[in-house]
Structure formats: structure tokens, C-alpha cells
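Structure record follows, encoded as C-alpha cells.
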Amino acid sequence: MPSCITEQPLETLAADAKSYWSQSALRPWVADMSHWRGRGRWADDTVWTSIGRDHVALFHQLCLLSARTTPIRTMLEWGPGGGANALAFAPIAPRIYGVDISPANLQECARQLSQSNFRAFHPIEIEAAQPERVLASVSEPIDFALSTAVFQHFPSKEYGQRVLNILHRLLDPNGSALIQTRSDDGSETLRCKTSDYAKNVVTFTSYRIEEFWDNCMQAGFHPLSLTLKPEPAYAYYFLQKHPNPGT
């Protein structure tokens, strides 16, 4: 189970997270961290488009691991940021839901998709402290769920578990998910933080590999595989909705 006890109330940390990420259109460094096209590290368009391209490649690996042979109909991305992933998946995902606490990020993601003539994007803004409210905004099963560069910015490990539980509930019985976390290597830098969200946002939440693997199983997922990216301490979990939760 999650083991990093927050010093501040979760509601406070969640509110601080929403305040921080809602500044994407106003603060250059937040736009950079949110992967906005043409901003900061993403001034080179080939670098920006590589974000989505790399994750589409991982999705195809997930299809092989899960023995999926039919195309996906619906995709949900938790934390779409500036739309790099959504734009890359648009050719293979007829309908995309984007869930975010930042209205600015949802607007930018929608703008990128609109410019590519993709008209089936459904933005869902949630209150940061109440992620479960997304359940009322999605009325159909989701074939594929994606979340990258997001779990590391959640306000607590407990919050991450809640999102895992939500994603599992939203998925079709044959659905799958690709989730990336920051790995806790035991260092002071990467240990999970418990207060001062804006100060510690880059590495606020991290997980030991076996810890997050167990969290996925507790949510009802069947972990299929794991890919590690030592720099910057990323772990990608390939997950399938378990046909028999609890076994």
C-alpha cells in the first residue's frame, strides 16, 4: 500500500496542484512541463512530436502483450497536457477523452487536435480533490487508457491509487492501459514529497517498482510487462484489465 504520509491535507495539496498546472498559458515553465508545442524544450517540433510517436510504439507493444487484434474505438488520456500524445494517437483512436485538472491544458490539447481536423476529442476537467467525478462524464467503455508524465506530479500515492481504481472501472473488460511513473531509487531527490507542492512538483510522487506493480494488481489490473528508462528514472507499466479481479 502507499507509504508516504503527507504533511499537509490532501485537499490542500490537490488545490495547490490545480493552481500550479492551470498556469500553463501564463507561465513559460509550466507550459514546458505540460509539453506545449513550441515552448521551452519543445521548440524543436521534431522533439515534441517524438513524445507521442514513442508512446504509440509502446502502445503497439502493449497490443502484442495483451493479444489485442482489433482496433481501439475509445481512448482516455489522464493528463493530456499540450496534446502531444493525443495528436499522435488520433489516427488510430476514433474517439479520445482527455482528463485534466488544468483547463488551460485541455484547451491547448483541443486546439492541437482541431488544427489536425480531429473532431472527436472530449475534454473533461475535474476538481483535483475529486477525481472520481470523471466516472459520471464517460458513458461508454474505454478500450485503452494512457497516462505519462502525470503520476509523478500527483499530490500523494493514495491519490495515484484512486486514479488506478478509476481507470480500471472505466476500461472495457478487454481494455488495457499504459502508465508511466517516476521510480523511487532511494535517493533524497527522488523520494516522494509530503508538502510544498509547487516547490517539489517535479518529483513530488515516486514509487518503488514492486510497490506500483502491487498497486496495479490491487486496482484489478493484470500487469503484463515493465519497461525502464533509467534517465529520468521512468517506469512504464503495461497493464490489462484482469478478467477476475481479486485473483
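The values are calculated or read from the model by the stated rules, or taken from the named source; none is laboratory data. Here the structure is a predicted model, which means the values were calculated and not measured. Glycine also receives a Cβ, built like all others from the backbone with ideal geometry; neighbour counts cover every protein chain displayed.
Of everything in the stretch 117-126 that is closer than 12 Å to G98 by Cα and assigned to a loop (DSSP other than H, G, I, E, B), the residue that is farthest from the chain's Cα centre (by Cα) is A120. Of all the listed residues (A104, A88), the sole one being over 28 Å from N174 (Cβ atoms), part of a helix (DSSP H, G or I) and aliphatic (A, V, I, L, M) is A104.
Can you confirm whether the stretch 169-188 contains a residue that is of a type outside the set (V, I, T), under 30 Å from C63 (Cβ atoms) and in a helix (DSSP H, G or I)? Checked the stretch 169-188: at least one residue is of a type outside the set (V, I, T), under 30 Å from C63 (Cβ atoms) and in a helix (DSSP H, G or I). Taken together, L26, L62 contain a single residue that is crowded, with 17+ Cβ neighbours inside 10 Å and either modelled with pLDDT of 95 or more or closer than 30 Å to I92 by Cα (or both), which is L62.
Return the total of residues in the stretch 127-164 being in contact with a strand residue (DSSP E or B) (Cβ under 7 Å, 6 or more places away or on another chain) and either among the polar types (S, T, N, Q) or not in a helix (DSSP H, G or I) (or both). Number satisfying all stated conditions: 14. The single residue among R133, R182, R191 that is within 12 Å of the chain's Cα centre (by Cα) and among the charged types (D, E, K, R) turns out to be R182. Within the stretch 231-240, is even one residue surrounded by 13 or more Cβ atoms within 10 Å (Cβ to Cβ), part of a helix (DSSP H, G or I) and at pLDDT 95 or above? No, that holds for no residue. Candidates in the stretch 135-169 are the residues that are more than 16 Å from I124 (Cβ to Cβ) and hydroxyl-bearing (S, T, Y); of these, the one that is surrounded by the most Cβ atoms within 10 Å (Cβ to Cβ) is T148. Checked against the criteria, S114 does not count as under 20 Å from A17 (Cβ atoms), polar (S, T, N, Q) and surrounded by fewer than 16 Cβ atoms within 10 Å (Cβ to Cβ). If you go through the stretch 170-201 and keep only what is loosely packed, with under 15 Cβ neighbours inside 10 Å and under 18 Å from K241 (Cβ atoms), you end up with P173, N174.
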